[in-house]
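Q: Below you will find the structure I want to go over with you.
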Ligand SMILES: Nc1ncnc2c1ncn2[C@@H]1O[C@H](COP(=O)(O)OP(=O)(O)OP(=O)(O)O)[C@@H](O)[C@H]1O
Ligand SMILES: [Mg+2]
């Protein structure tokens, strides 16, 4: 799949921008703060339905305006698709598919992107929320239906936390606890599906990430990915749940994936056993919102151990591995790769290796403040970005 045109209206610092692009590498060059990241953020929004740098959606609407529009033509073999998203400051966002009314949450069925950015170092060094977002963006790209499951889980979690807090404070808390059962069921149904999808992802991602690491770092180190789940460590009697024993601490790549039903049973048992602890704390302590994935290199966790260069190689490998996994299994073909400001951070050998690794993807968007930082072989279509205007330069 590839983008053939992008139009923006009142998106970030763009009042109006229209570009036509071909397959291969599209390089956006401009000084700091001109709108390079803004443009690729718009593209990435259509596939992830969020921003990679803010959770405040209205930040994407140009200041002083009420709505932003992102319109993208996609070419998928002979098929042309037009996606349009309208972000509204007040009221719900709107979407169109081939000019007919559509649901934004269906867009991941039509467009997949993989974005690399300097912030990816946080995948290794940052808190678990960074890694959960990495996993969740990918499970949505693999199974678009999961977008609704994740948002419904989020809502159920908020409701349940509110109830737990009031149950703790209210004298007649018991009534609330009956209502809590209903939310437990909802949390378990949705949460188990998320957990199983994440396990399946980690299993399938392990090999592509290992191959990517070797091609980017140029050595034979072995990265390993392992799910760390909150529900597997506590069983009915305070010990490990037998049904899930050996799961959380063994490499997910080598262990069987539990069924949604088995995961749901284990999740339910934990919630029942730990209810008083949760009421005391007034917050949901178990579930996919508490899970993490551990990245390790040669048997040592990357967090706290990996060198700066290794951390970079690992972060790039996670993205590249993800891109290769999507390429292998998606009906959409290659995901669109976005390399936002990545080359400036890399030494020459990593730059060249990354350039080689991405060069066989159908389309790659690259942003750079300094044109010279981008390997020569990738300078195919170059656009200059200047204060919210974008124009193709003569190569
Ligand atoms: N909602 C908005 N309305 C108007 N301007 C905005 C909005 N959001 C961001 N901007 C402006 O967009 C600019 C940042 O653009 P962007 O992040 O794309 O820069 P960039 O070209 O990627 O720069 P760098 O090389 O530093 O990464 C800033 O000047 C910021 O003030
Ligand atoms: Mg930028």
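Q: Being within 16 Å of ligand 2 (Cβ to nearest atom), surrounded by fewer than 19 Cβ atoms within 10 Å (Cβ to Cβ), in contact (Cβ under 8 Å) with a residue 12 or more places away in the chain and closer than 25 Å to residue 379 by Cα is true for just one of 38, 32. Which residue is that?
A: 32
Q: Restricting attention to the stretch 11-29, report how many residues are farther than 18 Å from residue 364 by Cα, more than 15 Å from ligand 2 (Cβ to nearest atom) and crowded, with 20+ Cβ neighbours inside 10 Å.
A: Residues flagged as farther than 18 Å from residue 364 by Cα, more than 15 Å from ligand 2 (Cβ to nearest atom) and crowded, with 20+ Cβ neighbours inside 10 Å within the stretch 11-29 amount to 1.
Q: Quick check, is residue 391 farther than 30 Å from residue 157 by Cα, within 16 Å of ligand 1 (Cβ to nearest atom) and modelled with pLDDT of 95 or more?
A: Yes, satisfied.
Q: Going by what's in this entry, would residue 316 be described as modelled with pLDDT of 95 or more, farther than 30 Å from residue 188 by Cα and outside the structural domain of residue 28 (by TED's automatic domain parsing)?
A: Criteria met by residue 316.
Q: Let me ask something additional. What about residue 46, is it away from ligand 1 (no atom under 14 Å from the Cβ), assigned to a strand (DSSP E or B) and closer than 25 Å to residue 136 by Cα?
A: no
Q: Test residue 374 against the criterion of being on the phi < 0 side of the Ramachandran plot and either within 16 Å of ligand 2 (Cβ to nearest atom) or buried (at least 19 other Cβ atoms within 10 Å of the Cβ) (or both), and give yes or no.
A: Spelling it out, residue 374 is indeed on the phi < 0 side of the Ramachandran plot and either within 16 Å of ligand 2 (Cβ to nearest atom) or buried (at least 19 other Cβ atoms within 10 Å of the Cβ) (or both).
Q: So in the stretch 334-364, with the set limited to residues that are surrounded by fewer than 19 Cβ atoms within 10 Å (Cβ to Cβ) and within 16 Å of ligand 1 (Cβ to nearest atom), which one is modelled with the lowest pLDDT?
A: So, considering only residues that are surrounded by fewer than 19 Cβ atoms within 10 Å (Cβ to Cβ) and within 16 Å of ligand 1 (Cβ to nearest atom), the one modelled with the lowest pLDDT is 345.
Q: Can you pull out every residue in the stretch 18-40 that is in a loop (DSSP other than H, G, I, E, B) and within 15 Å of ligand 1 (Cβ to nearest atom)?
A: 30, 31, 32, 33, 34, 35
Q: Moving on to the next point. Considering each of 264, 322, 306 in turn, give the residue that is out of contact with any helix residue (DSSP H, G or I) (no Cβ under 6 Å at 6 or more places or on another chain) and either surrounded by fewer than 22 Cβ atoms within 10 Å (Cβ to Cβ) or in contact (Cβ under 8 Å) with a residue 12 or more places away in the chain (or both).
A: Result of the check over 264, 322, 306: 306.
Q: Follow-up. Please work out which one of (1) in contact (Cβ under 8 Å) with a residue 40 or more places away in the chain; (2) closer than 17 Å to residue 319 by Cβ is the condition residue 70 fails and give its number.
A: Just one mismatch for residue 70, condition (2).
Q: Moving on. Please specify each residue of the stretch 44-71 satisfying the condition of being touching a strand residue (DSSP E or B) at 6+ places or on another chain (Cβ under 6 Å) and within 19 Å of residue 144 (Cα to Cα).
A: Correct list: 44, 46, 47, 52.
Q: Conditions: (1) within 16 Å of ligand 2 (Cβ to nearest atom); (2) without any contact (Cβ under 8 Å) to a residue 40 or more places away in the chain; (3) touching a helix residue (DSSP H, G or I) at 6+ places or on another chain (Cβ under 8 Å). Residue 52 meets all but one. Number of the miss?
A: It fails just one condition, (2).
Q: Right, here's the next one. Going by the conditions given, is residue 133 more than 12 Å from the chain's Cα centre (by Cα), assigned to a helix (DSSP H, G or I), surrounded by 15 or more Cβ atoms within 10 Å (Cβ to Cβ) and not assigned by TED's automatic domain parsing to the domain that holds residue 44?
A: no
The values are calculated or read from the model by the stated rules, or taken from the named source; none is laboratory data. Computed from a predicted structure; not experimentally measured. Note: ideal-geometry Cβ built from the backbone for every residue, glycine included; neighbour counts use all protein chains shown.
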